[in-house]
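The values are calculated or read from the model by the stated rules, or taken from the named source; none is laboratory data. What you see is a predicted model, and the numbers here were worked out from it, not measured in a lab. Note: ideal-geometry Cβ built from the backbone for every residue, glycine included; neighbour counts use all protein chains shown. Just the protein is used for accessible areas: all its heavy atoms, side chains included, with ligands, DNA and RNA removed. Shrake-Rupley method; radii C 1.70, N 1.55, O 1.52, S 1.80 Å.
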Amino acid sequence: SLVRTINKALAEATTRETVEAEVCGIIAQSNPYVFAWIGEPDPETGKVQPRVSAGLEEDYLEEILVTSRDAPTGQGPTGRAIRTEEIQVVQNIEEDPDYEPWRDDARERGYQSSAAVPLVLGEMHYGTLNIYSDRPYAFDQAEQDVLSELGNTIARAIERTESRRDLHTFREAVEQAGHAIYWTDRD
């Protein structure tokens, strides 16, 4: 049901911002999930910058530091998903030693498990979708498989909207040029 709802929203989305906002909003309203956000790593600092979020947050993203580097702040599911380009899950936030940098903030908000889904299409990296549940062990293998496939679908939707935007920008530039434009191709 969640995937169908997201697919419908993705089919109607015309911008990357809309894609990301719809995905996070739909996930955050779906049981057993309570919070979702999409972030991308800064290439210089490695800090994962949130792009959009929805759900039970209460300033969570302002309180934590997540990085993509091989450091303590990069050992959680988000950092690992960025480095491996594979879904990463913490089934029990209370017991996972790698979740130490964020445990208190997650505990305050009732987050008990989380998953990080890379949004990758070929060589293009569009960030990571992060999902939190208010119960431990919310991400069994079937759930992880569905979320991995959903990550691919989201990446394709982002790519589609960005291609449309680029085509629109090019079309406007050509129409406003005021001069003849010749397109040549030696092949």
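Summary table
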read-out	value
Efficiency of FRET between Asp185 and Glu162 - r from beta-carbon atoms, R0 35 angstrom, step 0.05	0.90
Contour minus Cα-Cα distance for Asn152 and Thr14 (0.36 nm per residue)	47.9 nm
Alpha-carbon spread of region 62-119, three principal axes, descending order, Å	29, 20, 19
Two-site label geometry, Asp70 and Gln91: point separation in nm, points 7 Å out along Cα→Cβ	2.6 nm
Difference of contour (0.36 nm per residue) and Cα-Cα distance, Ser30 to Glu44	1.6 nm
Fraction of accessible area attributable to carbon and sulfur, the chain (%, probe 1.4 Å)	46 percent
Rg/Rh for the chain, where both radii come from Cα atoms and Rh is the Kirkwood radius	1.07
Accessible area per residue in Å² at 1.4 Å probe, computed on the chain	57 Å²
Spin-label model distance (nm) - Tyr137 vs Arg4, 7 Å beyond Cα toward Cβ	2.9 nm
Paramagnetic reach from Met124 (point 7 Å along Cα→Cβ, amide N under 15 Å) across region 137-153	151-153
Test item: Cα-centred dipole of the chain, Lys/Arg +1 and Asp/Glu -1 on Cβ, debye	580 debye
